[in-house]
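Okay, structure first, notes after.
The values are calculated or read from the model by the stated rules, or taken from the named source; none is laboratory data. Please read all numbers here as calculations on a predicted model, not as lab measurements. Glycine also receives a Cβ, built like all others from the backbone with ideal geometry; neighbour counts cover every protein chain displayed.
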Amino acid sequence: MSHAALFPLLADIDNLPATLEMLARLLLAMIGGASLGWDRLMRDKPAGIRTHMLVSLGAAVAMLATLKLSGPNWTAEGPLQSEASRVIAGIVGGVGFLGAGAIIKEGASVHGITTAASIWVAATLGMASALGQYTLAVAGVLLTLFVLRAVAVIEERLVKR
């Protein structure tokens, strides 16, 4: 009897490079989500580090579970491509509902739209990480932080005028 049969959680140890690749993708998703969450925390917004990390990680896990169906190569090619597209659509729609919960209307003003958008972006970063699109994921984090930080400063200066 193999160790995988005795300990199902160790089943992927037989293919250590693929397991390490999966863990790297999950770690990148968590780091990307944490980076966005850190910005929201520093601005005293309702969704912080844990929320963004969990959204990004959840999206990555969903994508990786789908990719696992394709075998050891971790790609979304051939017949799995349409399945991966369905998972992406489900994540995008589902996270949209989560983000909608962050939006609050008080009288004539609306709060939480940027937080909702950052939660949505965290999910897309998790999907990019899971798909092994490391450059896309890192560029997405950096560009999102640019928007959240630098563009916010520009907005504040324009409003003061």
Exercise. Go through segment 24-51 and give me each residue that's modelled with pLDDT under 90 and either more than 17 Å from A117 (Cα to Cα) or in a helix (DSSP H, G or I) (or both).
Key: none
Quiz prompt | Filter result (in a helix (DSSP H, G or I), without any contact (Cβ under 8 Å) to a residue 60 or more places away in the chain, of a type in the set (V, I, T) and touching a Gly at 6+ places or on another chain (Cβ under 7 Å)) within segment 102-152 | solution = none
Exercise. Please work out if E77 is modelled with pLDDT under 80 and either among the small types (G, A, S) or in a helix (DSSP H, G or I) (or both).
Key: no
Practice problem: May I ask you to verify whether V61 is modelled with pLDDT of 85 or more, more than 21 Å from T144 (Cα to Cα) and in a helix (DSSP H, G or I)? | Solution: yes
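Taking the conditions exactly as written (modelled with pLDDT of 75 or more, among the acidic types (D, E) and farther than 30 Å from V151 by Cα), does E21 satisfy them or not?
On the way: modelled with pLDDT of 75 or more: yes; among the acidic types (D, E): yes; farther than 30 Å from V151 by Cα: yes.
When the stated conditions are applied, E21 passes them.
Does L67 fit the bill of being at pLDDT below 80, surrounded by 13 or more Cβ atoms within 10 Å (Cβ to Cβ) and touching a helix residue (DSSP H, G or I) at 6+ places or on another chain (Cβ under 8 Å)?
Working: at pLDDT below 80: no; surrounded by 13 or more Cβ atoms within 10 Å (Cβ to Cβ): yes; touching a helix residue (DSSP H, G or I) at 6+ places or on another chain (Cβ under 8 Å): yes.
So L67 fails the test.
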Exercise. Return yes or no: is V92 at pLDDT below 90, within 15 Å of the chain's Cα centre (by Cα) and more than 17 Å from L23 (Cβ to Cβ)?
Key: yes
